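Some notes on the structure that comes next.
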């Protein structure tokens, strides 16, 4: 991934936070010389490895799990908040007009060599953990035990676990750091005024980066 220095994010806690907040990863692997893309919800186990280990599963019918035996590195992309940025938000538009549209976003790439896990007890624990993670904020969380045991057993037989120890974790926060302070503040204000959740999230990232550099 191309990352100009001013867009690079190196803070491990920040990178891991984005992965947890946006756990549906785009997993890109090479299979017989062809790139194959799958979309999986991952759990990040930050206690295993320098950068953590991604844990997920795929349908047994999805042959991508067999790539885990080839020892070929793959990458998982986690896309954070993103929004189109209109040059109309830049005060500099009125000063000299030399402005164009762009896109602001935060993204994390997790590189690592996957391995398959075909073990009933492991899969049962994984499914329970994945469910618990995503149900935790609900008033009445659904649990795996709510379903008939024979039904769950059948589903578990139809999946294979995936673990990807992260060898390299790369983050890009492109949130107007290359603009002047007035332009950055104009972007933040414009995004806030848009009112939708993702626009507000990008506005927060713009403001956070400005504060980090002491410009805001």
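Here are the numbers for the structure shown:
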{"read-out": "Flag for residue 110 being within 30 Å of residue 176 (Cα to Cα) and buried (at least 18 other Cβ atoms within 10 Å of the Cβ)", "value": "yes"}
{"read-out": "Identity of the residue in region 94-107, under 15 Å from residue 178 (Cα atoms) and out of contact with any strand residue (DSSP E or B) (no Cβ under 8 Å at 6 or more places or on another chain), that ends up surrounded by the most Cβ atoms within 10 Å (Cβ to Cβ)", "value": "99"}
{"read-out": "Scan of region 47-73 for residues that are at pLDDT 95 or above and buried (at least 16 other Cβ atoms within 10 Å of the Cβ), ordered by number", "value": "51, 52, 53, 54, 55, 56, 57, 58"}
{"read-out": "Filter result for residue 205 (touching a helix residue (DSSP H, G or I) at 6+ places or on another chain (Cβ under 7 Å) and either closer than 23 Å to residue 55 by Cα or touching a residue at least 60 places away in the same chain (Cβ under 8 Å) (or both))", "value": "no"}
{"read-out": "Residue match in region 49-70 (condition: over 27 Å from residue 203 (Cβ atoms), free of Cβ contacts under 8 Å to residues at least 60 places away in the same chain and in a strand (DSSP E or B))", "value": "no"}
{"read-out": "Residue list for region 1-41, restricted to those being free of Cβ contacts under 8 Å to residues at least 12 places away in the same chain and assigned to a strand (DSSP E or B)", "value": "34, 35, 37"}
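The values are calculated or read from the model by the stated rules, or taken from the named source; none is laboratory data. All values reported here derive from a predicted model rather than from experimental measurement. Glycine gets a Cβ as well: all are built from the backbone with ideal geometry, and neighbour counts include every protein chain shown.
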